[in-house]
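*Asks:* I am attaching a structure below and will ask some questions about it afterwards.
The values are calculated or read from the model by the stated rules, or taken from the named source; none is laboratory data. From a predicted model like this one, the values you see are computed outputs, not experimental measurements. Quick reminder, even Gly has a Cβ in these numbers, built from the backbone with ideal geometry, and neighbours come from all protein chains shown. Protein only, heavy atoms only, side chains kept; ligands, DNA and RNA dropped before computing areas. Shrake-Rupley method; radii C 1.70, N 1.55, O 1.52, S 1.80 Å.
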Amino acid sequence: MSGTGGTPEEAPRPQDGPAPAADPDPEPGPAPAVARSRRFPTVTQDTARPEGGGRAIPGAVSTPARQWPMLSVLAATAVGLLTTAVGHPRIGCLVIGVALVAAAVMRRVLPSVGMLAVRSRFTDMITYGVLGVAITLLALVMEPEPWLQIPFLESAVRFTVR
């Protein structure tokens, strides 16, 4: 019978007491296998650590020593910025460019580089390498008296500045 009124067997009766609980001591055995999907989850649970993003040295050593690849690149960049601020922009930019190229080489050669690993190994190498080469080339063609003469560069600059 449908609706609110039904037979007495369908409605719970208060004098019967609570429903029986599950068996408190289930027999030990293998856990039921849960089928897992190979698809990516629709909601991200956590971010993945970049490959090679672990510690550069085991955990028993102090934090600065574990992060030596990142600290060496930062120190070289700071030296380059300081050199530029003192009045030697070409040398400062060369130091910064070489530091970024060294970061690309470290990212490729070392299995674990700490915080120098930001994205995938390939992306980090390309990013550090292209920026390092570009800054180094700009330092080499910097005026006055460029160290590297590129024949079409002067005509290209004149054509765009007109």
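*Asks:* Which condition breaks for residue 81 when tested against (1) closer than 24 Å to residue 62 by Cα; (2) open to solvent by 60 Å² or more (accessible area, probe 1.4 Å)?
*Replies:* (1)
*Asks:* What about residue 118, is it in contact with a helix residue (DSSP H, G or I) (Cβ under 7 Å, 6 or more places away or on another chain), assigned to a helix (DSSP H, G or I) and open to solvent by 70 Å² or more (accessible area, probe 1.4 Å)?
*Replies:* no
*Asks:* Okay, moving on. Need pairs with beta-carbon distance below 8 Å; first residue farther than 22 Å from residue 134 by Cβ and within the range 101-123, second among the charged types (D, E, K, R) and part of a loop (DSSP other than H, G, I, E, B); sequence gap 6+ or separate chains.
*Replies:* Qualifying pairs under 8 Å: 112/55; 114/55.
*Asks:* What are the residue pairs meeting all of these: first residue in the range 58-75, first residue farther than 16 Å from residue 111 by Cβ and at pLDDT 70 or above, second residue open to solvent by less than 50 Å² (accessible area, probe 1.4 Å) and part of a helix (DSSP H, G or I), Cβ atoms under 6 Å, and 6 or more apart or on different chains?
*Replies:* Once the first residue is farther than 16 Å from residue 111 by Cβ and at pLDDT 70 or above and sits in the range 58-75, its partners that are open to solvent by less than 50 Å² (accessible area, probe 1.4 Å) and part of a helix (DSSP H, G or I) give 73/99; 73/103.
*Asks:* Looking only at the range 94-115, filter to residues that are part of a loop (DSSP other than H, G, I, E, B) and touching a helix residue (DSSP H, G or I) at 6+ places or on another chain (Cβ under 8 Å); which one of those is least open to solvent (accessible area, probe 1.4 Å)?
*Replies:* That would be 113.
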